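Contents: one structure, followed by commentary.
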Amino acid sequence: MSSATHIEKPLESNQLPSTRPRFLLLSAHDYRSPRKAGMHFIAAELAKMGCTRFFSLRYSFLSRYKQDPRLSLDDQANKIVNHDGVECYLWKTLIHPIRIRPFESLMYHIYGYGFNSVLREWIIDSDVIVLESGVAPIFFDLIKRLNPEAKIIYRASDALKTIDVATYVSNTFNRIAEKIDTIVLPSKALAETIPSTHNLVFAPQGIDPTVEEKANPSPYGPGIHAVSVGSMLFDPNFFVIAAKRFPNIHFHIIGSCHPRHTEYGDNVTVYGEMPFDKTLPYIKHATLGIAPYSSVNLPAYLRDTSLKLTQYAFFGLPAICPHFIAADYSNRFGYEIGDEESIVAAISKALAPPTPIAKHTVLNWRQVTERMLAPHNFSDTGVFA
């Protein structure tokens, strides 16, 4: 292994080890997907530091029935494809592990053996391996067998209970958590979901500061425009109510994975999946940003980890979301889910906020990635401070 195997010594700011490290990311996302999550931006930053590979998990012939956002990449499955400097591999199997008893645990157990030559070769050839919350932790034992010297980083994009992972995955994570080199939390509220404390590191959601330049020109005509981006726990009923009560506002729904509701008014436009960069003008030039979550049982960490809410804050948009997610954020205006008058009140307040909404300072993805790799180099990575 190279001298960068562990990256034990903290990296100086903007300074790389003498030997460029080799990174591997295991995730249920795919780096090439038009919809972006934190792992995409982290992979892009790692690619500037060394050889970076992105291995996409839990995809099979069953995925066509789940509206998997990776279906557009199906013809590239089981091939190594270089995309924007990152080697990508979408592992497509006949079936992937699913929640079906009594075979659930057996399916995950077999899947965790990683019977894929590319996966095994990339594990052996890696210095740092990043596991994203979801199915990835079940490959911990395989990594330790094939490459015990590799540094393993776990990024807790979500609490496992929140994304309803299989019992086998939860049990595996509970067993291995204290053995992982670094567990990265984008919200300190996630700490209570992790059965370990000594290896926790705080590194919040980031943003690419160049989005300011990419977010032009405005896609809108004159008038008031409100935008919603993404599909997580999407509540179409919010727009049924809002569009009816605010006919002067044009509502733009991007990538909700829901068909147009029959009760939407003419002032609602529904868009399909859209590449990340193309969503930026819709956010920057909107009057309002909306995060229409449908559930009251939302985890507290979502207040900090929602990428769309981070984007709204970066661009200085008033954000409308359920009360629990609004919390005490100065740019957020909360409502009770399904309560018409509460929704009307939130939109009205957001249109005329008591104080001007200022743009929030957000770490860029380079800064987030550096904190993941060398947390002791920074004073703001403590979880319990």
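The values are calculated or read from the model by the stated rules, or taken from the named source; none is laboratory data. Remember, it's a predicted structure, so these values are computed and weren't measured experimentally. Reconstructed Cβ throughout: ideal geometry from the backbone, glycine too, with neighbour counts over all protein chains shown.
Figures for the structure shown
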quantity: Residue in region 77-95 that is modelled with pLDDT under 95 and over 20 Å from Pro275 (Cβ atoms) present; calculated: yes
quantity: Matching helices (runs of 4 or more DSSP H) fully within region 294-342 where at least 3 residues are at pLDDT 95 or above, in contact with a strand residue (DSSP E or B) (Cβ under 6 Å, 6 or more places away or on another chain) and of a type in the set (Gly, Ala, Ser); calculated: none
quantity: Hits in region 46-65 (condition: of a type outside the set (S, T, N, Q) and either loosely packed, with under 14 Cβ neighbours inside 10 Å or touching a Leu at 6+ places or on another chain (Cβ under 8 Å) (or both)); calculated: Leu46, Lys48, Met49, Gly50, Arg53, Phe54, Phe55, Leu57, Tyr59, Phe61, Arg64, Tyr65
quantity: Answer residue from region 86-116, given it is in a loop (DSSP other than H, G, I, E, B) and in contact (Cβ under 8 Å) with a residue 40 or more places away in the chain and is surrounded by the fewest Cβ atoms within 10 Å (Cβ to Cβ) among those; calculated: Arg99
quantity: Residues of region 50-65 that turn out to be touching a residue at least 60 places away in the same chain (Cβ under 8 Å) and either in a helix (DSSP H, G or I) or among the hydrophobic types (A, V, I, L, M, F, W, C) (or both), as a count; calculated: 2
quantity: Failed item in (1) under 22 Å from Thr305 (Cβ atoms); (2) in contact (Cβ under 8 Å) with a residue 60 or more places away in the chain, with Asn216 passing the rest; calculated: (1)
quantity: Cβ pairs under 8 Å, 6+ apart, first in region 280-294 and closer than 10 Å to Tyr312 by Cα, second hydroxyl-bearing (Ser, Thr, Tyr) and part of a helix (DSSP H, G or I); calculated: Ile283/Tyr312; Gly289/Tyr312; Ala291/Tyr312
quantity: Members of region 223-238 that are within 21 Å of Glu336 (Cβ to Cβ) and over 24 Å from the mean Cα position of the chain (by Cα); calculated: Asn237
quantity: Any chance Phe234 is in contact with a Ser or Thr (Cβ under 9 Å, 6 or more places away or on another chain), of a type in the set (Phe, Trp, Tyr), surrounded by 14 or more Cβ atoms within 10 Å (Cβ to Cβ) and not assigned by TED's automatic domain parsing to the domain that holds Gly38; calculated: yes
quantity: Residue that is polar (S, T, N, Q) and not in a helix (DSSP H, G or I), where the choices are Thr279, Thr355; calculated: Thr355
quantity: Only one of Ala4, Ala37, Ala47, Ala43 that is under 22 Å from the mean Cα position of the chain (by Cα), at negative phi and at pLDDT below 95; calculated: Ala37
quantity: Residue selected from region 138-173 under the condition among the aromatic types (Phe, Trp, Tyr) and either part of a helix (DSSP H, G or I) or touching a residue at least 40 places away in the same chain (Cβ under 8 Å) (or both), by the criterion surrounded by the fewest Cβ atoms within 10 Å (Cβ to Cβ); calculated: Tyr168
quantity: Residues being in a loop (DSSP other than H, G, I, E, B), farther than 29 Å from Asp164 by Cβ and in contact (Cβ under 8 Å) with a residue 24 or more places away in the chain - total across region 265-276; calculated: 1
quantity: Residue tally, condition among the aliphatic types (A, V, I, L, M), more than 19 Å from His40 (Cα to Cα) and crowded, with 20+ Cβ neighbours inside 10 Å, over region 264-307; calculated: 6
quantity: Which listed residue, of Val165, Val184, is out of contact with any Leu (no Cβ under 7 Å at 6 or more places or on another chain) and at pLDDT below 95; calculated: Val165
quantity: Tally, over region 352-371, of residues that are crowded, with 17+ Cβ neighbours inside 10 Å and under 19 Å from Leu317 (Cβ atoms); calculated: 3
quantity: Set Ala226, Ala242: member being surrounded by 20 or more Cβ atoms within 10 Å (Cβ to Cβ), at pLDDT 95 or above, hydrophobic (A, V, I, L, M, F, W, C) and in contact with a Leu (Cβ under 7 Å, 6 or more places away or on another chain); calculated: Ala226
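For (1) over 19 Å from the mean Cα position of the chain (by Cα); (2) in the same structural domain as Ser228 (by TED's automatic domain parsing); (3) among the basic types (Lys, Arg); (4) closer than 20 Å to Pro247 by Cα, each residue gets a yes or a no:
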position: Tyr312; (1), (2), (3), (4): no, yes, no, no
position: Phe324; (1), (2), (3), (4): yes, yes, no, no
position: Tyr329; (1), (2), (3), (4): yes, yes, no, no
position: Arg332; (1), (2), (3), (4): yes, yes, yes, no
position: Asp339; (1), (2), (3), (4): yes, yes, no, yes
position: Val344; (1), (2), (3), (4): yes, yes, no, yes
position: Ile347; (1), (2), (3), (4): yes, yes, no, yes
position: Thr369; (1), (2), (3), (4): no, no, no, no
position: Gly382; (1), (2), (3), (4): yes, no, no, no
